[in-house]
1. State which residue pairs qualify: first residue exposed (fewer than 12 other Cβ atoms within 10 Å of the Cβ) and inside region 49-70, second residue part of a helix (DSSP H, G or I) in any location, beta carbons under 8 Å apart, and separation of 6 or more residues or different chains.
2. I need the full set of residues from region 71-87 which are over 13 Å from the mean Cα position of the chain (by Cα) and open to solvent by 50 Å² or more (accessible area, probe 1.4 Å), in order please.
3. Residue check: is ALA90 open to solvent by less than 60 Å² (accessible area, probe 1.4 Å), at pLDDT 95 or above and hydrophobic (A, V, I, L, M, F, W, C)?
4. So which residues in region 1-23 are under 20 Å from the mean Cα position of the chain (by Cα) and of a type in the set (Asp, Glu), if there are any at all?
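The values are calculated or read from the model by the stated rules, or taken from the named source; none is laboratory data. These numbers were taken from a predicted model, which means no experiment stands behind them. So basically every Cβ, Gly included, is an ideal-geometry build from the backbone, and we count neighbours across all protein chains shown. Note: accessible area is taken over every heavy atom of the protein model, side chains too, but ligands, DNA and RNA are not part of it. Shrake-Rupley method; radii C 1.70, N 1.55, O 1.52, S 1.80 Å.
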Amino acid sequence: MERIIARAVEVHGLATRYAADLSAADAADTAMRQAVAAASPGLAAATLQLISSDAALGLTREQQRYMLERAAELDLSVVEDLTSTNTTPAHGIERQQGSR
């Protein structure tokens, strides 16, 4: 989640700066929309990855692989974070011992 949150915060800050000529309400709306749009692929990828690895669902290996591939297409870094294959921390986020 750290990577997704860092991306949303970064985009929110950038959008806020670029929307400075708008009214306060419009600037806040624009910034929030941009932040949500930036976070959405990562959230969808995380959801697909977690579903693909849930043994209780009884998915076949082919179904698991398909879902994991779709997740990776959406946001490879998030999938790597969740599967502990990514060794590069999110921008501005220090990796903590035992965290993903």
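1. LEU57/ILE51
2. If the condition is that a residue be over 13 Å from the mean Cα position of the chain (by Cα) and open to solvent by 50 Å² or more (accessible area, probe 1.4 Å), then THR83, SER84, THR85, THR87 are the ones that fit.
3. So ALA90 does not fit the description; no.
4. Result: GLU2, GLU10.
Let's see how each residue does on (1) modelled with pLDDT of 95 or more; (2) in a helix (DSSP H, G or I); (3) within 22 Å of GLU80 (Cβ to Cβ); (4) open to solvent by 70 Å² or more (accessible area, probe 1.4 Å):
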{"residue": "ILE5", "(1), (2), (3), (4)": "no, yes, yes, yes"}
{"residue": "GLY13", "(1), (2), (3), (4)": "no, yes, no, no"}
{"residue": "ARG17", "(1), (2), (3), (4)": "no, yes, no, yes"}
{"residue": "ALA20", "(1), (2), (3), (4)": "no, no, no, yes"}
{"residue": "ARG33", "(1), (2), (3), (4)": "yes, yes, no, yes"}
{"residue": "ALA38", "(1), (2), (3), (4)": "yes, yes, yes, no"}
